[in-house]
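Below is one structure, written out as structure tokens; the observations come after it.
The values are calculated or read from the model by the stated rules, or taken from the named source; none is laboratory data. This one's a predicted model, so the numbers in the text were calculated from it and none came from an experiment. Here the Cβ positions follow ideal geometry from the backbone for every residue, glycine too, while neighbour counts run over all protein chains shown.
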Amino acid sequence: ELKVEQNPLFLSMQEGKNYTIYCNYSTTSDRLYWYRQDPGKSLESLFVLLSNGAVKQEGRLMASLDTKARLSTLHITAAVHDLSATYFCAVDLQRGAQKLVFGQGTRLTINP
Amino acid sequence: DGGITQSPKYLFRKEGQNVTLSCEQNLNHDAMYWYRQDPGQGLRLIYYSQIVNDFQKGDIAEGYSVSREKKESFPLTVTSAQKNPTAFYLCASSMAGRSYEQYFGPGTRLTVT
């Protein structure tokens, strides 16, 4: 059974600081997705990582994938308040169809 | 505007009643998905469909049923057999194949008392 674990689950940080969210998964996969969710809202796609060593960047967020370590990271640079949200990673295990298993989410709060 | 719509946004039902949640997409996506989210938790897959008239169970299908008669529509019925139906339900769609991200609808918050 595929398990996806994120840490930390809660993160409170100050504006301007850097931090990293970690996503570990238990079974071989080369497909990993990061999503953002604002309180009471739906999910917004951030990054799609499709191979070992993949790195994607958008603004102050950068995601990477190491399939050998079964680890993805979401790095936040010089955080701003607007990035406060819950971030989910999801791993796609199944061949021939997309069947995602989500982590528990990391609730990020950025204080002025 | 292309997107996914779910209705209603909030739904209240009495225990023992079946209820159907609507999901429609105009993105011309082949695949559609239903997830359940409980407070402070990640999403769990209920059912998914890759083509019309075909669907597969996800990780928590018990107490739920779906149909896929049209490409644009993937309604979810929460039956009285679902023991803890109160949750936030999210519908998603994607292009066929494993390299495409899923796009999510706004969700339906179901409360059963």
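Quick test of your reading of the structure: B:TYR35 fulfils all but one of (1) within 11 Å of another protein chain (Cβ to nearest Cβ); (2) surrounded by fewer than 21 Cβ atoms within 10 Å (Cβ to Cβ); (3) in a strand (DSSP E or B). Name the failing condition by number.
The failed condition is (2).
Scanning the stretch B:56-113 for residues that are at the interface with chain A (Cβ under 8 Å from one of its Cβ atoms) and polar (S, T, N, Q), which turns out surrounded by the most Cβ atoms within 10 Å (Cβ to Cβ)?
B:GLN102
Among (1) among the β-branched types (Val, Ile, Thr); (2) more than 10 Å from every other protein chain (Cβ to nearest Cβ); (3) closer than 19 Å to B:TYR100 by Cβ, where does A:VAL48 come up short?
If we test A:VAL48 against (1) among the β-branched types (Val, Ile, Thr); (2) more than 10 Å from every other protein chain (Cβ to nearest Cβ); (3) closer than 19 Å to B:TYR100 by Cβ, just (2) comes out false.
Could you tell me which numbered condition A:LEU83 fails, if it satisfies all but one of (1) among the aliphatic types (A, V, I, L, M); (2) more than 12 Å from every other protein chain (Cβ to nearest Cβ); (3) closer than 27 Å to B:ALA96 by Cα?
With respect to (1) among the aliphatic types (A, V, I, L, M); (2) more than 12 Å from every other protein chain (Cβ to nearest Cβ); (3) closer than 27 Å to B:ALA96 by Cα, A:LEU83 is out only on (3).
Considering every residue within the stretch B:75-90, establish whether at least one is in contact (Cβ under 8 Å) with a residue 12 or more places away in the chain, closer than 27 Å to A:ASP30 by Cβ and out of contact with any His (no Cβ under 9 Å at 6 or more places or on another chain). First the steps, then the outcome.
Of all residues in the stretch B:75-90, those in contact (Cβ under 8 Å) with a residue 12 or more places away in the chain come to B:75-83, B:85-90.
Within this subset, residues satisfying the condition of being closer than 27 Å to A:ASP30 by Cβ are B:90.
Narrowing the set further to residues that are out of contact with any His (no Cβ under 9 Å at 6 or more places or on another chain) leaves B:90.
Yes, there is a match, as at least one residue in the stretch B:75-90 is in contact (Cβ under 8 Å) with a residue 12 or more places away in the chain, closer than 27 Å to A:ASP30 by Cβ and out of contact with any His (no Cβ under 9 Å at 6 or more places or on another chain).
Here is a list of conditions, (1) farther than 18 Å from A:LEU9 by Cβ; (2) touching a residue at least 12 places away in the same chain (Cβ under 8 Å), and A:VAL55 meets all of them except one; can you say which number that is?
Condition not satisfied by A:VAL55: (2).
Residues that are among the hydrophobic types (A, V, I, L, M, F, W, C) and surrounded by 16 or more Cβ atoms within 10 Å (Cβ to Cβ): list the strands (runs of 3 or more DSSP E) wholly contained in the stretch A:1-86 that include at least 3 such residues. Spell out the reasoning first.
Values: elements: A:4-7, A:10-14, A:19-25, A:32-37, A:43-49, A:55-58, A:61-66, A:71-76.
The qualifying strands (runs of 3 or more DSSP E) are A:43-49, A:61-66.
So B:ASP1 clears everything in (1) loosely packed, with under 13 Cβ neighbours inside 10 Å; (2) at pLDDT below 90; (3) within 14 Å of chain A (Cβ to nearest Cβ) except one condition, right? Which one?
(3)
Only residues that are within 13 Å of the chain's Cα centre (by Cα) and polar (S, T, N, Q): list them for the stretch B:38-74, please.
B:SER49, B:GLN56, B:SER65, B:SER67, B:SER73
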